[in-house]
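The values are calculated or read from the model by the stated rules, or taken from the named source; none is laboratory data. As the structure is a prediction and not an experimental result, all values here were calculated from the model. Note: ideal-geometry Cβ built from the backbone for every residue, glycine included; neighbour counts use all protein chains shown.
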Amino acid sequence: MAIQILPARLANQIAAGEVVERPASVVKELVENSIDAGATRIDVDIEKGGSKLIRIRDNGSGIAKEELELALSRHATSKISCLDDLEAIISLGFRGEALASISSVSRLTLTSRTITQSEAWSAYAEGRDMAVQVKPAAHPVGTTVEVVDLFFNTPARRKFLRTDKTEFGHIDELLKRIALSRFDVAITLRHNGTIVRQYRAASNDAQREKRLAAICGSQFVKSAVEVSLEHQGLTLQGWICTPEGARAQNDIQHCFVNQRMMKDKLINHAIRQGYEASLRPDQFAAYVLYIDIDPHQVDVNVHPAKHEVRFHQARLVHDFIYQAVADALVQVAAEQAPVLEF
Ligand code: ADP
Ligand code: MG
(Lines give C-alpha, C1' and ligand atoms only; values in the text may rest on other atoms or scores of the structure.)
(Ligands and ions follow the chains in the order given, each with its own letter.)
Protein backbone atom coordinates (compact mmCIF):
# COMPACT_ATOMS: atom_id res chain seq x y z
CA MET A 1 0.00 0.00 0.00
CA ALA A 2 1.25 3.52 -0.78
CA ILE A 3 2.01 5.88 2.08
CA GLN A 4 -0.90 8.24 2.78
CA ILE A 5 -1.91 10.73 5.45
CA LEU A 6 -4.76 9.26 7.51
CA PRO A 7 -8.12 11.07 7.42
CA ALA A 8 -8.57 13.29 10.52
CA ARG A 9 -11.33 11.13 11.99
CA LEU A 10 -9.28 7.95 11.77
CA ALA A 11 -6.26 9.71 13.27
CA ASN A 12 -8.45 10.89 16.17
CA GLN A 13 -9.85 7.39 16.67
CA ILE A 14 -6.34 5.99 16.86
CA ALA A 15 -5.40 8.68 19.39
CA ALA A 16 -8.61 7.87 21.29
CA GLY A 17 -7.25 4.37 21.79
CA GLU A 18 -4.59 5.85 24.06
CA VAL A 19 -6.73 8.07 26.26
CA VAL A 20 -10.24 6.64 26.00
CA GLU A 21 -10.05 3.10 27.20
CA ARG A 22 -13.43 2.97 28.94
CA PRO A 23 -16.15 5.28 30.32
CA ALA A 24 -14.04 6.09 33.41
CA SER A 25 -11.29 7.49 31.18
CA VAL A 26 -13.82 9.84 29.57
CA VAL A 27 -14.96 10.98 33.02
CA LYS A 28 -11.33 11.56 34.05
CA GLU A 29 -10.55 13.75 31.05
CA LEU A 30 -13.77 15.77 31.36
CA VAL A 31 -13.60 16.31 35.11
CA GLU A 32 -9.96 17.35 34.80
CA ASN A 33 -11.03 19.89 32.17
CA SER A 34 -13.63 21.23 34.62
CA ILE A 35 -11.00 21.55 37.35
CA ASP A 36 -8.60 23.29 34.95
CA ALA A 37 -11.43 25.73 34.16
CA GLY A 38 -11.59 26.67 37.85
CA ALA A 39 -14.90 24.92 38.61
CA THR A 40 -15.93 24.70 42.26
CA ARG A 41 -18.88 22.45 41.48
CA ILE A 42 -18.98 19.45 39.18
CA ASP A 43 -22.01 17.25 38.52
CA VAL A 44 -21.44 13.87 36.94
CA ASP A 45 -24.42 12.02 35.47
CA ILE A 46 -23.98 8.48 34.24
CA GLU A 47 -26.44 6.17 32.52
CA LYS A 48 -25.82 2.47 31.98
CA GLY A 49 -22.29 2.52 33.31
CA GLY A 50 -21.45 5.37 30.93
CA SER A 51 -22.09 3.44 27.72
CA LYS A 52 -25.37 5.28 27.17
CA LEU A 53 -24.58 8.68 28.72
CA ILE A 54 -21.78 10.55 30.46
CA ARG A 55 -22.70 14.13 31.30
CA ILE A 56 -20.33 16.46 33.15
CA ARG A 57 -21.60 19.88 34.15
CA ASP A 58 -19.38 22.52 35.76
CA ASN A 59 -19.45 26.14 36.88
CA GLY A 60 -16.00 26.93 35.50
CA SER A 61 -14.91 29.70 33.17
CA GLY A 62 -16.67 28.32 30.08
CA ILE A 63 -15.60 28.35 26.43
CA ALA A 64 -16.31 31.28 24.12
CA LYS A 65 -18.67 30.64 21.19
CA GLU A 66 -15.89 31.23 18.64
CA GLU A 67 -13.72 28.59 20.31
CA LEU A 68 -16.24 25.77 20.65
CA GLU A 69 -15.35 24.13 17.35
CA LEU A 70 -11.64 24.62 17.96
CA ALA A 71 -11.92 23.00 21.41
CA LEU A 72 -13.05 19.82 19.63
CA SER A 73 -10.05 19.79 17.27
CA ARG A 74 -6.93 17.81 17.85
CA HIS A 75 -3.90 19.57 19.36
CA ALA A 76 -6.12 22.49 20.36
CA THR A 77 -5.42 23.67 23.90
CA SER A 78 -5.51 26.90 25.88
CA LYS A 79 -3.13 25.49 28.48
CA ILE A 80 0.31 25.61 26.88
CA SER A 81 1.72 27.53 23.98
CA CYS A 82 5.46 26.87 23.95
CA LEU A 83 8.11 24.39 25.07
CA ASP A 84 8.82 26.41 28.22
CA ASP A 85 5.21 25.89 29.29
CA LEU A 86 5.55 22.14 28.70
CA GLU A 87 8.50 22.06 31.05
CA ALA A 88 6.49 23.48 33.94
CA ILE A 89 2.95 22.14 33.65
CA ILE A 90 0.53 23.39 36.28
CA SER A 91 -2.74 22.38 34.63
CA LEU A 92 -4.04 18.80 34.55
CA GLY A 93 -4.44 18.86 30.76
CA PHE A 94 -2.07 20.15 28.11
CA ARG A 95 -2.15 17.72 25.16
CA GLY A 96 -5.28 19.09 23.50
CA GLU A 97 -6.35 15.54 22.66
CA ALA A 98 -9.24 14.65 24.93
CA LEU A 99 -12.21 16.39 23.36
CA ALA A 100 -11.06 15.51 19.83
CA SER A 101 -10.57 11.87 20.81
CA ILE A 102 -13.82 11.51 22.75
CA SER A 103 -15.87 13.22 20.02
CA SER A 104 -14.42 10.84 17.43
CA VAL A 105 -15.86 7.80 19.24
CA SER A 106 -19.21 9.13 20.51
CA ARG A 107 -22.00 11.63 19.89
CA LEU A 108 -20.73 14.64 21.81
CA THR A 109 -22.43 17.90 22.71
CA LEU A 110 -20.39 20.73 24.21
CA THR A 111 -22.51 23.50 25.73
CA SER A 112 -20.91 26.49 27.34
CA ARG A 113 -21.19 30.09 28.40
CA THR A 114 -18.49 32.50 29.49
CA ILE A 115 -19.09 35.35 31.91
CA THR A 116 -18.98 37.93 29.10
CA GLN A 117 -21.63 36.16 26.99
CA SER A 118 -25.33 36.74 27.57
CA GLU A 119 -26.19 33.51 25.81
CA ALA A 120 -24.88 29.98 25.89
CA TRP A 121 -23.87 28.06 22.74
CA SER A 122 -23.81 24.43 21.96
CA ALA A 123 -21.60 22.46 19.56
CA TYR A 124 -22.59 19.01 18.37
CA ALA A 125 -20.27 16.45 16.84
CA GLU A 126 -21.12 12.89 15.91
CA GLY A 127 -18.13 10.65 15.40
CA ARG A 128 -16.68 13.74 13.67
CA ASP A 129 -18.13 12.62 10.34
CA MET A 130 -19.77 15.96 9.79
CA ALA A 131 -18.86 19.59 10.40
CA VAL A 132 -19.44 20.76 13.96
CA GLN A 133 -22.76 22.61 14.30
CA VAL A 134 -22.98 25.53 16.72
CA LYS A 135 -26.44 26.56 17.99
CA PRO A 136 -27.82 28.81 20.74
CA ALA A 137 -28.57 27.02 24.02
CA ALA A 138 -29.62 27.66 27.61
CA HIS A 139 -26.83 27.28 30.21
CA PRO A 140 -25.45 29.29 33.13
CA VAL A 141 -21.77 30.34 33.12
CA GLY A 142 -19.79 27.12 32.85
CA THR A 143 -19.73 24.07 30.64
CA THR A 144 -21.65 20.84 30.09
CA VAL A 145 -20.20 18.03 28.03
CA GLU A 146 -22.59 15.27 27.09
CA VAL A 147 -21.16 12.06 25.69
CA VAL A 148 -23.82 9.74 24.26
CA ASP A 149 -23.31 6.22 22.88
CA LEU A 150 -19.61 5.89 23.61
CA PHE A 151 -17.80 3.71 21.04
CA PHE A 152 -20.95 3.55 18.84
CA ASN A 153 -18.68 3.65 15.77
CA THR A 154 -15.83 1.52 17.10
CA PRO A 155 -17.46 -1.89 17.71
CA ALA A 156 -14.16 -3.51 18.70
CA ARG A 157 -13.90 -1.12 21.66
CA ARG A 158 -17.55 -1.37 22.55
CA LYS A 159 -17.19 -5.13 22.79
CA PHE A 160 -14.61 -4.70 25.54
CA LEU A 161 -16.98 -2.78 27.81
CA ARG A 162 -17.81 -4.80 30.91
CA THR A 163 -21.15 -4.80 32.75
CA ASP A 164 -22.73 -1.45 33.67
CA LYS A 165 -21.96 -2.21 37.29
CA THR A 166 -18.26 -2.80 36.63
CA GLU A 167 -17.88 0.27 34.44
CA PHE A 168 -19.72 2.40 36.99
CA GLY A 169 -17.46 0.99 39.70
CA HIS A 170 -14.43 2.30 37.81
CA ILE A 171 -16.04 5.73 37.54
CA ASP A 172 -16.84 5.73 41.26
CA GLU A 173 -13.24 4.81 42.16
CA LEU A 174 -11.87 7.48 39.86
CA LEU A 175 -14.09 10.18 41.37
CA LYS A 176 -12.99 9.15 44.86
CA ARG A 177 -9.42 9.88 43.89
CA ILE A 178 -10.36 13.17 42.27
CA ALA A 179 -12.39 14.08 45.37
CA LEU A 180 -9.26 13.43 47.44
CA SER A 181 -7.18 15.61 45.13
CA ARG A 182 -9.41 18.67 45.50
CA PHE A 183 -11.27 19.04 48.79
CA ASP A 184 -12.41 22.50 47.70
CA VAL A 185 -14.48 21.21 44.78
CA ALA A 186 -18.03 19.90 45.34
CA ILE A 187 -18.72 16.76 43.30
CA THR A 188 -21.99 14.92 42.79
CA LEU A 189 -22.24 11.54 41.08
CA ARG A 190 -25.49 10.09 39.77
CA HIS A 191 -26.14 6.73 38.16
CA ASN A 192 -29.35 6.18 36.21
CA GLY A 193 -30.86 9.27 37.87
CA THR A 194 -30.04 8.35 41.48
CA ILE A 195 -27.47 10.26 43.55
CA VAL A 196 -24.73 7.81 44.49
CA ARG A 197 -22.09 10.16 45.94
CA GLN A 198 -22.13 13.70 47.16
CA TYR A 199 -18.80 15.18 48.14
CA ARG A 200 -19.38 18.60 49.60
CA ALA A 201 -16.69 21.25 49.39
CA ALA A 202 -14.54 21.04 52.52
CA SER A 203 -12.74 24.09 53.82
CA ASN A 204 -11.88 23.22 57.44
CA ASP A 205 -10.28 20.23 59.20
CA ALA A 206 -13.56 18.72 60.37
CA GLN A 207 -15.05 18.86 56.87
CA ARG A 208 -11.88 17.47 55.34
CA GLU A 209 -11.88 14.60 57.81
CA LYS A 210 -15.50 13.89 56.96
CA ARG A 211 -14.72 13.69 53.26
CA LEU A 212 -11.67 11.54 53.98
CA ALA A 213 -13.83 9.14 56.01
CA ALA A 214 -16.49 9.04 53.29
CA ILE A 215 -13.86 7.99 50.76
CA CYS A 216 -11.38 5.87 52.72
CA GLY A 217 -13.60 4.68 55.56
CA SER A 218 -13.65 5.72 59.21
CA GLN A 219 -11.29 2.88 60.10
CA PHE A 220 -8.57 4.53 58.03
CA VAL A 221 -9.19 7.91 59.62
CA LYS A 222 -8.94 6.34 63.08
CA SER A 223 -5.66 4.58 62.38
CA ALA A 224 -4.06 7.36 60.37
CA VAL A 225 -1.48 9.87 61.48
CA GLU A 226 -1.00 13.19 59.79
CA VAL A 227 2.31 13.98 58.18
CA SER A 228 3.54 17.36 57.13
CA LEU A 229 7.10 18.04 56.11
CA GLU A 230 9.04 20.48 53.99
CA HIS A 231 12.54 20.17 52.63
CA GLN A 232 14.29 22.13 49.89
CA GLY A 233 11.07 23.35 48.30
CA LEU A 234 9.55 19.88 48.45
CA THR A 235 6.51 19.37 50.66
CA LEU A 236 4.78 16.22 51.77
CA GLN A 237 1.43 16.27 53.52
CA GLY A 238 -1.35 13.86 54.19
CA TRP A 239 -2.20 10.77 56.17
CA ILE A 240 -0.50 7.41 56.64
CA CYS A 241 -1.75 4.46 58.64
CA THR A 242 0.11 3.12 61.63
CA PRO A 243 1.44 -0.46 61.25
CA GLU A 244 -1.69 -1.63 63.16
CA GLY A 245 -3.81 -0.02 60.44
CA ALA A 246 -2.06 -1.98 57.66
CA ARG A 247 -4.41 -3.67 55.22
CA ALA A 248 -4.70 -6.98 53.43
CA GLN A 249 -5.04 -5.16 50.11
CA ASN A 250 -3.49 -2.14 48.48
CA ASP A 251 -6.89 -0.47 48.25
CA ILE A 252 -6.04 2.76 50.08
CA GLN A 253 -2.88 3.98 48.43
CA HIS A 254 -3.46 7.41 47.02
CA CYS A 255 -0.71 9.71 46.01
CA PHE A 256 -0.90 13.12 44.37
CA VAL A 257 1.88 15.17 42.87
CA ASN A 258 0.95 18.83 42.44
CA GLN A 259 -2.73 17.80 42.79
CA ARG A 260 -2.46 15.22 40.02
CA MET A 261 -3.23 11.61 40.92
CA MET A 262 -0.35 9.26 40.42
CA LYS A 263 0.52 5.63 40.24
CA ASP A 264 4.20 5.88 40.83
CA LYS A 265 6.55 3.02 41.61
CA LEU A 266 9.23 5.27 43.08
CA ILE A 267 6.82 6.83 45.57
CA ASN A 268 5.30 3.48 46.42
CA HIS A 269 8.70 2.00 47.05
CA ALA A 270 9.78 4.91 49.25
CA ILE A 271 6.67 4.60 51.40
CA ARG A 272 7.02 0.82 51.74
CA GLN A 273 10.63 1.32 52.81
CA GLY A 274 9.51 3.89 55.36
CA TYR A 275 7.53 1.14 57.08
CA GLU A 276 10.57 -1.14 56.97
CA ALA A 277 10.10 -4.20 59.14
CA SER A 278 6.77 -3.11 60.58
CA LEU A 279 4.78 -4.56 57.67
CA ARG A 280 4.55 -8.27 56.93
CA PRO A 281 4.98 -9.22 53.27
CA ASP A 282 1.22 -9.83 53.00
CA GLN A 283 0.33 -6.45 54.47
CA PHE A 284 -0.12 -3.16 52.66
CA ALA A 285 0.31 0.36 53.91
CA ALA A 286 -2.67 2.69 53.62
CA TYR A 287 -2.00 6.29 52.77
CA VAL A 288 -3.26 9.47 51.19
CA LEU A 289 -0.29 11.68 50.41
CA TYR A 290 0.21 14.98 48.68
CA ILE A 291 3.57 15.94 47.25
CA ASP A 292 4.14 19.46 46.07
CA ILE A 293 7.19 20.18 44.02
CA ASP A 294 8.39 22.91 41.69
CA PRO A 295 6.74 21.99 38.34
CA HIS A 296 10.12 22.43 36.63
CA GLN A 297 11.36 19.48 38.68
CA VAL A 298 8.87 16.98 37.36
CA ASP A 299 7.95 15.76 33.88
CA VAL A 300 4.29 14.84 33.47
CA ASN A 301 4.51 14.27 29.72
CA VAL A 302 5.49 10.62 30.13
CA HIS A 303 2.25 8.75 29.55
CA PRO A 304 -0.90 9.70 27.55
CA ALA A 305 -3.13 9.15 30.58
CA LYS A 306 -0.62 11.18 32.65
CA HIS A 307 -0.64 8.93 35.70
CA GLU A 308 3.10 8.56 35.72
CA VAL A 309 5.67 11.24 36.28
CA ARG A 310 9.40 11.50 36.11
CA PHE A 311 11.15 13.42 38.85
CA HIS A 312 14.35 15.13 37.75
CA GLN A 313 15.87 14.42 41.15
CA ALA A 314 14.35 11.03 41.74
CA ARG A 315 16.74 10.04 44.53
CA LEU A 316 16.06 13.21 46.48
CA VAL A 317 12.29 12.74 46.23
CA HIS A 318 12.55 9.06 47.15
CA ASP A 319 14.67 9.68 50.22
CA PHE A 320 12.54 12.60 51.35
CA ILE A 321 9.37 10.49 51.28
CA TYR A 322 11.07 7.52 52.88
CA GLN A 323 12.43 9.71 55.69
CA ALA A 324 9.11 11.46 56.25
CA VAL A 325 7.23 8.18 56.61
CA ALA A 326 9.90 6.57 58.79
CA ASP A 327 10.05 9.62 61.10
CA ALA A 328 6.28 9.81 61.44
CA LEU A 329 6.11 6.12 62.41
CA VAL A 330 8.93 6.43 64.94
CA GLN A 331 7.08 9.32 66.52
CA VAL A 332 3.84 7.34 66.74
CA ALA A 333 5.69 4.39 68.26
CA ALA A 334 7.27 6.69 70.87
CA GLU A 335 3.88 8.12 71.81
CA GLN A 336 2.40 4.65 72.16
CA ALA A 337 5.28 3.19 74.20
CA PRO A 338 4.33 2.51 77.81
CA VAL A 339 5.79 4.97 80.27
CA LEU A 340 8.00 3.17 82.80
CA GLU A 341 7.42 4.24 86.39
CA PHE A 342 9.78 3.56 89.25
P1 ADP B 1 -6.48 19.96 27.07
O2 ADP B 1 -7.23 19.78 28.35
O3 ADP B 1 -5.27 19.09 27.00
O4 ADP B 1 -6.19 21.40 26.77
P5 ADP B 1 -8.93 19.05 25.80
O6 ADP B 1 -9.19 18.42 24.49
O7 ADP B 1 -9.29 18.28 27.02
O8 ADP B 1 -7.40 19.44 25.84
O9 ADP B 1 -9.67 20.44 25.84
C10 ADP B 1 -9.41 21.42 24.82
C11 ADP B 1 -9.64 22.83 25.32
O12 ADP B 1 -11.04 23.06 25.52
C13 ADP B 1 -9.00 23.15 26.67
O14 ADP B 1 -7.64 23.59 26.53
C15 ADP B 1 -9.91 24.27 27.19
O16 ADP B 1 -9.51 25.51 26.69
C17 ADP B 1 -11.27 23.91 26.62
N18 ADP B 1 -12.13 23.20 27.59
C19 ADP B 1 -12.38 21.88 27.63
N20 ADP B 1 -13.23 21.56 28.63
C21 ADP B 1 -13.52 22.74 29.26
C22 ADP B 1 -14.35 23.09 30.38
N23 ADP B 1 -15.05 22.18 31.08
N24 ADP B 1 -14.38 24.40 30.73
C25 ADP B 1 -13.70 25.35 30.05
N26 ADP B 1 -12.90 25.06 28.98
C27 ADP B 1 -12.81 23.77 28.58
MG1 MG C 1 -8.19 18.05 28.89
Test: residue in the stretch 119-134 that is under 19 Å from residue 46 (Cα atoms), more than 16 Å from ligand 2 (Cβ to nearest atom) and outside any strand (DSSP E or B): no
Out of 83, 53, sole residue that is within 16 Å of residue 28 (Cα to Cα) and either crowded, with 21+ Cβ neighbours inside 10 Å or away from ligand 2 (no atom under 16 Å from the Cβ) (or both): 53
Test: residue in the stretch 201-221 that is in a strand (DSSP E or B) and of a type in the set (Phe, Trp, Tyr): no
Residues satisfying the stated conditions in the stretch 65-90, i.e. near ligand 1 (Cβ under 7 Å from one of its atoms), in a loop (DSSP other than H, G, I, E, B) and touching a residue at least 24 places away in the same chain (Cβ under 8 Å): 76, 79
Tally, over the stretch 180-200, of residues that are among the basic types (Lys, Arg), surrounded by fewer than 19 Cβ atoms within 10 Å (Cβ to Cβ) and not in a strand (DSSP E or B): 1
Unique match (being within 17 Å of residue 280 (Cβ to Cβ), modelled with pLDDT of 90 or more and under 18 Å from the mean Cα position of the chain (by Cα)) among 259, 253: 253
Qualifying positions in the stretch 307-329 - within 23 Å of the chain's Cα centre (by Cα) and surrounded by 19 or more Cβ atoms within 10 Å (Cβ to Cβ): 309, 311, 317, 321
Every residue from the stretch 161-179 that is surrounded by 17 or more Cβ atoms within 10 Å (Cβ to Cβ) and in contact with a Gly (Cβ under 9 Å, 6 or more places away or on another chain): 161, 164, 167, 168, 170, 171
Selection status of residue 56, within 15 Å of residue 145 (Cα to Cα), in contact (Cβ under 8 Å) with a residue 24 or more places away in the chain, within 8 Å of ligand 1 (Cβ to nearest atom) and assigned to a strand (DSSP E or B): yes
Selection status of residue 151, farther than 23 Å from residue 36 by Cα, surrounded by 18 or more Cβ atoms within 10 Å (Cβ to Cβ), among the aromatic types (Phe, Trp, Tyr) and away from ligand 2 (no atom under 16 Å from the Cβ): yes
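To keep it simple, each residue is scored yes or no on (1) more than 16 Å from residue 16 (Cα to Cα); (2) modelled with pLDDT of 90 or more.
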residue	(1), (2)
52	yes, yes
64	yes, yes
71	no, yes
78	yes, yes
90	yes, no
102	no, yes
112	yes, yes
120	yes, yes
125	no, no
